[in-house]
Amino acid sequence: MAAILLDVDGVFHVSGEPIAGGGDAVRRLRANGHRVRFVTNNTTKGRTALAEELRAMGIELDDEELQTTPRAAAQALAGRRVLALTMHAIVGELEGIELVGEDAEAVLIGGADETPESNLVFSYMNLARAFHELEAGAQLYSLHKNRWWQTKHGPLLDAGAFVAGLEYAADTEAIVLGKPSTSYFEAALTALDAEPSLTWMVGDDIEADVGGAQAHGMKTVLVRTGKFRPDAVEVNRAKPDGIISSIAQLPDWLEEHL
């Protein structure tokens with residue numbers, strides 16, 4: 001039996017609208033003896049809220065099975081003074097971090113969402129403040145560096161553009177805490193007590209999900225939902241071990257290929 005890491009956005013839902021067959025697929029995976037863990041770069045809601053949303057879609061999981069980037073940030077930045085440009089909903093997840101408006105030891109950039117709050121979080125004044133702190137010696141961290149994400153209205157710009165802008169302006173490089181970082185994947189493998197070569201990553205992002213997992217020795221399955229783009233698969237160096245129509249096909253596909 002395999003260990004399976006499951007991306008969330010674009011795999012189980014798009015803008016909160018469920019993708020058919022997700023709940024049944026998870027139940028079948030568990031019934032077949034696979035160990036599963038949900039790994040998400042979502043930075044707009046706390047873990048409990050995200051888990052409740054998934055359960056409302058018919059996906060059975062415990063909160064502890066959902067791995068989020070704000071929790072990773074809380075561990076990486078514990079005890080430090082941090083200027084955080086993040087959605088308000090995840091502030092409670094940053095337990096142990098001293099959130100400050102100046103004289104920071106680190107700058108933390110979260111992800112954008114589909115609400116007007118993104119206009120406030122990533123305002124010019126906030127980005128200029130972050131730049132000032134970086135120039136004064138603070139380290140730059142990002143919950144992820146996604147360039148865009150898929151919504152029901154089409155692709156939307158994500159915070160990776162702001163991270164790249166700060167990297168350029170401050171002549172620094174961000175430490176990425178979510179996928180495809182080594183620390184994030186290692187935490188997932190540790191939680192499942194899994195060997196990389198016996199682990200499958202299932203996602204819709206050819207870069208963060210497929211490329212990131214393959215760089216850590218895992219096998220990968222790409223779904224044709226969410227961020228999936230055929231042209232991206234053709235030009236990307238990362239090639240998934242399998243491509244399926246949606247999460248609903250995963251149990252059958254694994255039965256044929258394991």
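The values are calculated or read from the model by the stated rules, or taken from the named source; none is laboratory data. Here the structure is a predicted model, which is why all the values come from computation and not from measurement. Glycine also receives a Cβ, built like all others from the backbone with ideal geometry; neighbour counts cover every protein chain displayed. All accessible areas refer to the heavy atoms of the entire protein, side chains included, with ligands and DNA or RNA removed. Shrake-Rupley method; radii C 1.70, N 1.55, O 1.52, S 1.80 Å.
Summary of computed values
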quantity: Additional length obtainable on full extension of the chain from LEU198 to ALA128, 0.36 nm per residue less Cα span; calculated: 20.7 nm
quantity: Lysines with Cα under 22 Å of LYS239, excluding same-chain neighbours fewer than 8 positions away; calculated: LYS145, LYS179, LYS219, LYS227
quantity: Pairwise label distance in nanometres, GLU256 with MET57, each label 7 Å out on the Cα-Cβ vector; calculated: 2.4
quantity: Helical mean residue ellipticity (222 nm; -39500 (n - 2.57) per DSSP H run of 4+; nearest 500) of the chain; calculated: -9000 deg cm²/dmol
quantity: Within a Gaussian network of the chain (alpha carbon springs, distance under 10 Å), most fluctuating of PRO196, PRO155, PRO180; calculated: PRO155
quantity: Protection-proxy order for peptides 197-205, 70-78, 233-241, each taking the mean of Cβ atoms within 10 Å per residue, highest first; calculated: 197-205, 70-78, 233-241
quantity: 13 Å reach of a label modelled at GLU117, 7 Å along Cα-to-Cβ, counting backbone N of the range 58-85; calculated: 85
quantity: Net length gained if the chain between ARG224 and GLU17 were fully extended (0.36 nm per residue, minus Cα distance); calculated: 72.9 nm
quantity: Spatial extent of the range 1-130: Rg and Dmax, with the Cα atoms as the point set, Å; calculated: 16.8, 52
quantity: Cβ-derived FRET efficiency at R0 22 Å, ARG147 paired with GLU173, nearest 0.05; calculated: 0.85
quantity: Computed over the chain, Kirkwood Rh from alpha-carbon pairs, angstrom; calculated: 18.6
quantity: GLU64 paired with GLU98, simple spin-label distance in nm, labels 7 Å along Cα-to-beta-carbon; calculated: 3.2
quantity: Residues of the chain: accessible area per residue with a 1.4 Å probe, Å²; calculated: 45
quantity: Rough spin-label spacing in nm, given labels placed 7 Å along Cα→Cβ, for THR190 and ALA49; calculated: 2.7
quantity: Euclidean distance between Cα centres, the range 142-191 to the range 62-91, Å; calculated: 14
quantity: Nearest 10 degrees, 0 to 90: helix 22-31 Cα axis against the chain principal axis; calculated: 60
quantity: Two-site FRET efficiency, GLU135 against HIS88, from Cβ-Cβ distance with R₀ of 35 Å, rounded to 0.05; calculated: 0.85
